[in-house]
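Working notes, beginning with the structure itself.
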2 protein chains.
Amino acid sequence: MGTIYFTFEPREDLKQPLFSEFPQVDFLFDTKLDVEKLAQAEILVTYGEDLKEQHLQYADKLQWIFVASAGIEKMPAEAIAKRNIIVSNVRGIHKKPMTESILAHILALKRVLPFIYEQQQKKEWNKKARPTELNGSTALIIGPGAIGGEIGRILQAFDVHTIGCNRSGNEAPYMDETYKLDDLKQHLPKADIVISILPSTKETKHLLTREHFEKMKNSAIFMNFGRGDVVDTDTLIKVLQDKLIEHAVLDVYELEPLPSDSLLWDLDNVTLSPHFSSHSSRYVERSLDIFKPSLKKWLNGERDLENKMDILRGY
Amino acid sequence: MGTIYFTFEPREDLKQPLFSEFPQVDFLFDTKLDVEKLAQAEILVTYGEDLKEQHLQYADKLQWIFVASAGIEKMPAEAIAKRNIIVSNVRGIHKKPMTESILAHILALKRVLPFIYEQQQKKEWNKKARPTELNGSTALIIGPGAIGGEIGRILQAFDVHTIGCNRSGNEAPYMDETYKLDDLKQHLPKADIVISILPSTKETKHLLTREHFEKMKNSAIFMNFGRGDVVDTDTLIKVLQDKLIEHAVLDVYELEPLPSDSLLWDLDNVTLSPHFSSHSSRYVERSLDIFKPSLKKWLNGERDLENKMDILRGY
């Protein structure tokens, strides 16, 4: 068995169990990608943002890349595919923290938390806001995979009617109705909340146009927790300036970090989260919980790892 | 049939159905309590804050008070009981909006929404916060009635372990464990979130002492959405100054409005909501949905109205 090279440092209390559970393995840890270490690695464990195409020439022994993240857009997909390197990720790891973030934002808006915080800052007792309720509303989830299912499950617990839109239109878990993405426009008028969790692919880039927002209710909340390029930034800004919808909650952007001169910063009908809705103090622990069973399989010669991805398709 | 006197004005679209469903009834609406109108009323519909003992001498015909609120502390209980006036309220109406408020606050803290809002105000892209997760934690609900059950139901959907403490210690819906209020202290150390929804009674006044907060985890969130006098304000301030717990979320206070010189305003480990966690733009609509079936019963001579209360016991 060769070396496992981590391009990040887990906490000591998370590293020790690795050593004791896998005594036959050499572990290397770093806080950046070093080509000399990469040259020794059979397995690379990375957040997926450091590996570039030019590094692969040094990675002679590399057979498996474990990406402790969901997005792999920054990885040299074609070069990896050409080398037949297996890629797996931590799909599913985000579903609970991300669902909690999404619900936090929805409930905060419905129950006027920004108003409450503002009054508290001013030390003012002020009830002059109109809290509304989530229960009884309708949510449309664009791209209901593992994360969408978890969002649907929780929304249903809040008595929200859930509509899913996916490529096939096939039934999806925790969706009361599911339709084809091609028919998205005709279902948008029903939704009080529209949540995109689409990944970035050729098909999803700029999938949402101004016309989609025109179909939404004036009172709709639009949430983008997938990838920023599902809607052109200028289109989105114009939609919000024109108040076609009531509010947007964005965690992802076409350009990240969001440039400091972006007009998005100037709008008051948007919440801007810096692409960390799935962050969690329990993240590395959870990644290792997914990595370890796969590593056991790997050491047994099995190659049907959990969350194996098609790097060229992007998911 | 006599007159029904509302000391508030429902919206026109909510009043019209009353007229058409109950053509035999005379309705009077006002925005305050007027003794001349009260003198004609067989039924009084009030938020419960306007009726004073001295008014009752004019209320010769009064037989039923429908309180469109949960709290009746400001009502002249003994005088009402002496006159054998039936009192019913809108118990249950608060459970959904209040549960949504409570979850909004919990999730906002776990998913660092105050930090996100602050960075956005500064127009700064900043990920330097540590979001945590709700799932997997333990919540202790003090006083798990209708509202507590709804909170428990939603918390369980988030994979939270729920512990209830009530007077009897009898099993309560959506509580994984239930204990007697007398044994509260020994269960506090288990909880990540402690939620009081106790009403104000002789038994609950200042029920929580500094010792209770000493038993809680340092990382605990304490939420008071019941009544403010469950803990002495100075004790609570000291607890927060001494950082015995991580954060408090308060919707209720011993003195309301919270005095502008209260030290609570100066603390940064507390969220202060101005006693409107159950407010909702759908509130009056919902109150009338509870009132109308009872009114039908009343007109049929039935007196076993929904949510009939024991005004002397206070619930």
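Details
- Residue in segment B:213-221 that is hydroxyl-bearing (Ser, Thr, Tyr), within 14 Å of another protein chain (Cβ to nearest Cβ) and surrounded by fewer than 17 Cβ atoms within 10 Å (Cβ to Cβ) present: yes
- Considering the conditions (1) at the interface with chain B (Cβ under 8 Å from one of its Cβ atoms); (2) under 14 Å from the mean Cα position of the chain (by Cα), A:Val252 is excluded by exactly one of them, (1).
- Criterion (under 14 Å from A:Ala68 (Cα atoms) and either touching a strand residue (DSSP E or B) at 6+ places or on another chain (Cβ under 9 Å) or of a type in the set (A, V, I, L, M, F, W, C) (or both)) met by exactly one of A:Leu18, A:Leu44: A:Leu44
- Every residue from segment B:89-101 that is more than 9 Å from chain A (Cβ to nearest Cβ) and either in contact (Cβ under 8 Å) with a residue 60 or more places away in the chain or among the aromatic types (Phe, Trp, Tyr) (or both): B:Asn89, B:Val90, B:Arg91, B:Gly92, B:Ile93, B:His94, B:Met98
- Test: residue in segment A:297-308 that is out of contact with any strand residue (DSSP E or B) (no Cβ under 9 Å at 6 or more places or on another chain), in a loop (DSSP other than H, G, I, E, B) and closer than 30 Å to B:Glu118 by Cα: no
- Residue count, segment B:144-168 (criterion: basic (Lys, Arg) and over 15 Å from B:Gly92 (Cα atoms)): 1
- The residue pairs whose first member lies in segment A:240-254 and is under 20 Å from A:Ile197 (Cβ atoms), whose second member is of a type in the set (Lys, Arg) and surrounded by 20 or more Cβ atoms within 10 Å (Cβ to Cβ), and whose beta carbons are closer than 8 Å, counting only pairs six or more residues apart or on different chains, are A:Val252/A:Arg227.
- Restricted to segment A:280-289, and to residues there that are outside any loop (DSSP other than H, G, I, E, B) and in contact (Cβ under 8 Å) with a residue 60 or more places away in the chain, the residue that is farthest from the other protein chains (Cβ to nearest Cβ) is A:Leu288.
- Reported count of residues in segment A:130-144, each being free of Cβ contacts under 8 Å to residues at least 40 places away in the same chain and among the hydrophobic types (A, V, I, L, M, F, W, C), is 1.
- Any chance B:Leu305 is within 13 Å of another protein chain (Cβ to nearest Cβ), aliphatic (A, V, I, L, M) and buried (at least 18 other Cβ atoms within 10 Å of the Cβ): no
- Tabulated pairs, segment B:290-315, first over 17 Å from B:Asp26 (Cα atoms), second surrounded by fewer than 12 Cβ atoms within 10 Å (Cβ to Cβ) and among the basic types (Lys, Arg), C-beta under 9 angstrom, 6+ apart or interchain: B:Gly314/B:Lys202
- Of the residues in segment B:112-129, not one is in a strand (DSSP E or B), free of Cβ contacts under 8 Å to residues at least 40 places away in the same chain and not acidic (Asp, Glu).
- The one condition in (1) in contact with a Leu (Cβ under 9 Å, 6 or more places away or on another chain); (2) more than 9 Å from chain A (Cβ to nearest Cβ); (3) among the aromatic types (Phe, Trp, Tyr) that B:Tyr117 fails to fulfil: (2)
- Residue selected from segment B:167-177 under the condition out of contact with any Pro (no Cβ under 6 Å at 6 or more places or on another chain) and under 19 Å from B:Pro199 (Cα atoms), by the criterion nearest to the other protein chains (Cβ to nearest Cβ): B:Pro173
- A:Pro257 surrounded by fewer than 20 Cβ atoms within 10 Å (Cβ to Cβ) and either within 14 Å of chain B (Cβ to nearest Cβ) or not hydroxyl-bearing (Ser, Thr, Tyr) (or both): yes
- Of all the listed residues (B:Gly152, B:Gly136, B:Gly143, B:Gly164), the sole one being under 22 Å from the mean Cα position of the chain (by Cα) and at pLDDT below 95 is B:Gly143.
- Filtering segment B:263-279 to residues that are at the interface with chain A (Cβ under 9 Å from one of its Cβ atoms) and surrounded by 14 or more Cβ atoms within 10 Å (Cβ to Cβ) leaves B:Trp265, B:Val270, B:Thr271, B:Leu272, B:Ser273, B:Pro274, B:His275, B:Phe276, B:Ser277, B:Ser278, B:His279.
- Of all the residues in segment A:134-160, those that are in a loop (DSSP other than H, G, I, E, B) and either of a type in the set (Ser, Thr, Tyr) or within 12 Å of another protein chain (Cβ to nearest Cβ) (or both) number 7.
Let's see how each residue does on (1) surrounded by 22 or more Cβ atoms within 10 Å (Cβ to Cβ); (2) among the basic types (Lys, Arg); (3) assigned by TED's automatic domain parsing to the domain that holds B:Asp192:
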| residue | (1), (2), (3) |
| --- | --- |
| B:Leu51 | yes, no, no |
| B:Lys61 | no, yes, no |
| B:Val67 | yes, no, no |
| B:Asn84 | no, no, no |
| B:Pro114 | no, no, yes |
| B:Thr132 | no, no, yes |
| B:Thr138 | no, no, yes |
| B:Ile151 | yes, no, yes |
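The values are calculated or read from the model by the stated rules, or taken from the named source; none is laboratory data. Note that the structure is a prediction, hence the values are computed from the model and not measured. Cβ sites come from the backbone with ideal geometry, for glycine too, and all protein chains shown count toward neighbours.
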